[in-house]
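So the structure is just underneath, and the comments pick up after that.
The values are calculated or read from the model by the stated rules, or taken from the named source; none is laboratory data. Keep in mind the model is a prediction, meaning the values are calculated, not measured. Quick reminder, even Gly has a Cβ in these numbers, built from the backbone with ideal geometry, and neighbours come from all protein chains shown. Areas reflect the complete protein model, heavy atoms only, side chains present, ligands, DNA and RNA absent. Shrake-Rupley method; radii C 1.70, N 1.55, O 1.52, S 1.80 Å.
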Amino acid sequence: MIDIRLFRQDPDVVRRGLANRSRSTDVVDRIIKLDVDRREIITELDQLRATVNSASQEVGKRRRAGEDATALMEEVRASKERVKSLEEGLQGLESELQDALLTIPNLPAESVPVGADESANVTVRQFGVPQENTPEMRAHWDVGDSLGVLDFDIAAKLAGARFNLMYREGARLERALMNFMLDLHVDQQGYAEVWPPYVAQRSIMQGTGQIPALEEDMWRCEDSDLYLIPTAEVPLTSLMAGEVIEEERLPLAFTAYTPCFRREAGAAGRDTRGLVRRHQFDKVELVWVTHPDRSFETLEQLTRDAEDVLKALGLPFRTIELCTGDLGTASTKTYDLEVWMPGMDRWLEISSCSNCTDFQARRADIRFRPADGGKPEFAHTLNGSGVAVGRCFAAILENFQQPDGTVELPEVLHGYMGGVTVLRPIEKRLL
């Protein structure tokens, strides 16, 4: 959420940020008017309450003196009715103002390239040499089928379209990737591992910016206020919701594996094959809560931590800085990691690392107390995938497929695979 003081002091900054995001700026004037009306009511209420208090005291004096206070009592009664009416109006205005503020995305950082869509994104660096897409190169769904590790038909029988089923070495590879990523983040990078709930209350979803912006993509549990989480960013960031953290404890860095659930409501017809866009998928997430002065350098560290996963696996990837028009709702600056998929002949996003500054902290009330004992301030939050497990699975099948139909597994996974170093085509299916 954007600080209301910015709308009062420099609304053109908000307008420019929204325009750079290709968003309408009309809401800025509406918010300013709501805020002005709200403050006018508060001023009148303060004056009326002071008048009521003073008049009530005078009524008491007159009655104790045996004087007639009828007229003054009528004035007090009328003033109290006016107070009640203004309070009701104020409540409605504050609710309307809050709803309007919740629709405003975070403002892009000054360093973010300005552009309307992904065509204006900028490549920052690249690791590895992408393989050429040759006629013999197969997409991961064909590789997975020949290996007997993926079955989308059975998944559809169980749950419908856009779900997947992995079995045999496929199931083990998915689990190996999760464990490898978590071990890297915890043992080598110093993150604290968390095993959170896979559902969250509406207020928690709102606090991280999923609602209202992405509500149509959420899975809601009927007859409850709970939603299936779309990413572990939601519970990890919300660990500190409503808390005041001592500055000495910052930064806090968390990691978690969770399944993630999304309707993919805005992706009808896109990437319907394979492991790219699923209703349920596995992901290891990284979240930081840090001091405002250090959040942009923390974004660089977070991005390097996610890159280390792909480097260790030997997967070719590039790091992209998103332009203003391609940023997510809560982000002020984002790097996407895109892994090369030779079978699909394209780059595929596998991680998105974002600095949300105080946008989520304001919504979720995440603050820290300065070491000098000053007034609590809002912390900055960051998040990134470390990385999307299913897409990593797919990238391994495509990048390490061999002419004989086998797939050589990255060396760092051998210890997690019980001695299996190569996936081989099967003659007899398990399912």
### Given charges at Cβ of Lys, Arg, Asp, Glu: the chain dipole, positive-most of Pro235, Tyr167, Gly92
Gly92
### Query
Rounded, prolate or oblate: which one fits the stretch 158-206, using the alpha carbon gyration tensor with axes a ≥ b ≥ c (rounded when a/c is under 1.5, else prolate when a/b beats b/c, else oblate)?
oblate
### Query
Of Thr255, Thr70, which has the most accessible area with a 1.4 Å probe, and how do the rest follow in descending order?
Thr70, Thr255
### Task
Any chance you could run the full-extension gain for His291 through Val194? It's 0.36 nm times the residue separation minus the Cα-Cα distance, nm to one decimal.
32.8 nm
### Query
Between Ser24 and Asp46, what length comes free when the chain is fully extended (0.36 nm per residue of separation minus the Cα-Cα distance, one decimal in nm)?
4.4 nm
### Query
How high is the FRET efficiency between Ser119 and Ala171 when r is their beta carbon distance and R₀ equals 35 Å, given to the nearest 0.05?
0.35
### the stretch 291-345 - accessible surface per residue (Å², probe 1.4 Å)
28
### Query
Is the shape of the stretch 1-134 best called rounded, prolate or oblate, per the rule: a/c under 1.5 gives rounded, else a/b larger than b/c gives prolate, else oblate, with a ≥ b ≥ c the square roots of the Cα gyration tensor eigenvalues?
prolate
### Carbon/sulfur fraction of accessible area - the stretch 34-138, other protein chains in place, 1.4 Å, %
48
### Query
In the set (i) 34; (ii) 20; (iii) 24, which value of percent of Cα pairs over 38 Å apart was calculated from the structure you see?
(i)
### Query
What does the helix-only formula give at 222 nm for the chain: each DSSP H stretch with n ≥ 4 adding -39500 (n - 2.57), the total divided by the residues, and the result rounded to the nearest 500 deg cm²/dmol?
-12500 deg cm²/dmol
### Message
When a/c reaches 1.5 or more, the comparison of a/b and b/c decides; with that in mind, is the stretch 193-327 rounded, prolate or oblate per its Cα gyration tensor?
### Response
oblate
### Query
Between Lys157 and Ser111, what is the label-to-label distance in nm when each label sits 7 Å out along the Cα-to-Cβ direction?
5.3
### Query
Between Gln9 and Gln57, how many nm apart are label points set 7 Å from Cα along the C-beta direction?
3.6
### Task
Determine the per residue accessible area of the stretch 1-154 with all protein chains present and a 1.4 angstrom probe, expressed in square angstrom.
60
#### Entry: Gain upon complete extension [Arg77, Val129; 0.36 nm per residue less C-alpha separation]
10.7 nm
### Query
How far apart, in nm, are two points set 7 Å out from the Cα along the Cα-to-Cβ line at Ala312 and at Glu300?
2.3
### Query
Cα to Cα, under 18 Å, and not fewer than 8 places away if on the same chain: which aspartates and glutamates meet these conditions relative to Lys84?
Asp37, Glu40, Glu44, Asp46, Glu74, Glu75, Glu94
### Query
In the structure shown, do any of Lys311/Lys375; Lys283/Lys375; Lys157/Lys283 have a Cα-Cα gap over 32 Å, and if so which?
Lys311/Lys375; Lys283/Lys375
## Note on the structure
The percentage of the accessible area of the stretch 151-213 (probe 1.4 Å, all protein chains present) made up of carbon and sulfur atoms, to the nearest whole number, is 50
### Task
Given the peptides 16-27, 302-313, arrange them by the average over their residues of other C-beta atoms within 10 Å, most packed first.
302-313, 16-27
### Query
In whole percent, how big is the carbon plus sulfur part of the accessible area of the stretch 267-385, probe 1.4 Å, protein atoms only?
38
### Summary
Dividing the surface of the Cα convex hull of the stretch 337-376 by four yields a projected area in nm² of 4.4
